[in-house]
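If you scroll down you'll find the structure; I have some questions about it.
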Amino acid sequence: MGRWRMKHRQKYCIVFLIISSLLLNYSASAIIIRHDRKDSKYVKLAKPYAKIICQMNLEEPGKAPDGVGTLIFPNWVLTAAHVGTEVKVGHLVTIAGKNYQVEKVFLHPDYEDGGRHDIALLELKTAVKGVKPAELFRERNEVGQIFTMVGKGDWGTGLTGPTTNDRKFRGAMNKVDEASEAWLKFVFDNPEKSPEKALDLEGISGPGDSGGPAFIKKDGKIFLIGVGSGQSTSATGGREGVYGVTEYYVRVSSYLGWIEKVIHTEKENK
């Protein structure tokens, strides 16, 4: 293993990881959009999901997020382990406009600093009311699935990469190209070079919301299939958030056992 690039919005610590000869940067899952589509469409796409996004404004509440997660039970949030390492007991996180205190942080026991098993759980001191959490995806047929990612960090287009932050939730769509035991992998396709591949609201993540979600809808329910972890810039000369980058999300279906064990154990201990 090499080194990771850890990228919270205010910190921009530069570190790198080599996996299978691919240069990966920590993803952030703020949304980078197609240059030939209206931004308002991406803002609209995010609305059904915004309430279940957990914003971790660790340095100062109300500012652009340092990381995000997804509400999966009334008092449990799933995020990336590299975000979890920054969260301390007592930190306030924001869900649906309200602040909640973090009671405990659980990093995956096999998390490699800047590598595999980049997943963590946050237990909230009080339950979130009036918000229906996302369901955990339990099937193993992610390849070929079209999903929606959601973020609130820096944004831009596939031509410019991330350029600014207006604190608006945006959604974007992409398709899972490959799946391994640990990862879901997808590419930000250029609509001019690969019009047959690029989705109408194609997108990728950018700086600001590490640990962000990948959602699919099925039978009227929202399912979480992935957690934003790493981005390969080997095809883009090191540029993040532009056409051609490949993104890696932690494959949630591979970690169901660990997630449920942690939550069950905590319930038994109370």
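Leaving out ligands and nucleic acids, note down the accessible area per residue over the chain with a 1.4 angstrom probe, in whole Å².
42
Can you work out the Karplus-derived ³J(HN,Hα) for every residue in the stretch 89-94? Use 6.51 cos²θ - 1.76 cosθ + 1.60 with θ = phi - 60°, whole Hz, and x for glycine or proline.
4, x, 4, 9, 10, 10
When the accessible area of the chain is split by element with a 1.4 Å probe, what percent falls to carbon and sulfur?
50
Let me ask something else about it. Between residue 219 and residue 199, what length in nm is gained on full extension when 0.36 nm per residue of separation is reduced by their alpha carbon distance? List each step's numbers first, then the result.
On the way: separation 20, 0.36 × 20 = 7.20 nm, distance 2.22 nm.
5.0 nm is the gain from fully extending residue 219 to residue 199.
I would also like to ask the following. Under unit Cβ charges (Lys, Arg +1; Asp, Glu -1), what dipole magnitude, rounded to 20 debye, does the stretch 55-159 have relative to its Cα centre?
Here the stretch 55-159 has a charge dipole of around 500 debye.
Rg and Dmax of the chain over Cα atoms: what are they, in angstrom?
Just the Cα atoms of the chain yield Rg and Dmax of 16.8, 56 Å.
Another question about this same structure. From the mean inverse distance of alpha carbon pairs (Kirkwood) and the Cα radius of gyration, derive Rg over Rh for the stretch 119-237.
When Rh is taken as the Kirkwood radius, the ratio is 0.97.
Given the peptides 193-199, 231-237, arrange them by the average over their residues of other C-beta atoms within 10 Å, most packed first.
The packing order, highest mean first, is 231-237, 193-199.
Let me check the size of the stretch 74-148 from its C-alpha atoms; what are the radius of gyration and Dmax in Å?
14.1, 40
Using R₀ = 41 Å, calculate the FRET efficiency as 1/(1 + (r/R₀)^6) where r is the Cβ-Cβ separation of residue 159 and residue 101; round to 0.05.
Calculated transfer efficiency: 0.50.
Go through 132/218; 152/197; 47/267; 185/261 and tell me which ones have a Cα-Cα distance over 23 Å in this structure. Kindly include the intermediate steps, with their values, before the conclusion.
Details: 132/218 15 Å; 152/197 25 Å; 47/267 32 Å; 185/261 26 Å.
Exceeds cut-off: 152/197; 47/267; 185/261.
Okay, next question. Choose one answer from 36, 219, 118: the residue with the largest mean-square fluctuation in a GNM of the chain with alpha-carbon springs under 10 Å.
219
If you wrap a convex hull around the alpha carbons of the stretch 103-185, what volume per residue comes out, as a whole number of Å³? Don't skip to the answer; put the middle values down first.
Numbers: hull volume 14.5 nm³, N = 83.
Roughly 175 Å³ of hull volume per residue.
Farthest toward the dipole's positive end in the stretch 91-226, which of 147, 124, 211, given Cβ charges of +1 (Lys, Arg) and -1 (Asp, Glu) about the Cα centre?
Going by the charge dipole, the pick is 124.
Once phi is turned into ³J(HN,Hα) by the Karplus curve 6.51 cos²θ - 1.76 cosθ + 1.60 with θ = phi - 60°, what whole-Hz value does each residue of the stretch 125-133 show in order, with x for glycine and proline?
5, 10, 6, 7, 10, x, 10, 7, x
Hey, what did the stretch 109-218 get for relative contact order, percent, Cα under 8 Å, at least 6 apart?
26
So, by mean Cβ neighbours within 10 angstrom, what's the order for 44-50, 82-88, 263-269 with the highest one leading? Spell out each step's value before the answer.
Details: 44-50: 16.6, 82-88: 21.4, 263-269: 10.6.
Ranked by mean Cβ neighbours within 10 Å, highest first: 82-88, 44-50, 263-269.
About its Cα centre, what dipole magnitude does the chain give when the only charges are +1 on Lys and Arg Cβ and -1 on Asp and Glu Cβ, stated in debye to the nearest 20?
The calculation lands at about 800 debye.
The values are calculated or read from the model by the stated rules, or taken from the named source; none is laboratory data. Treat the numbers as computed from the prediction; the structure is a model and nothing was measured. So basically every Cβ, Gly included, is an ideal-geometry build from the backbone, and we count neighbours across all protein chains shown. Side chains included, ligands, DNA and RNA excluded: accessible areas come from the protein's heavy atoms. Shrake-Rupley method; radii C 1.70, N 1.55, O 1.52, S 1.80 Å.
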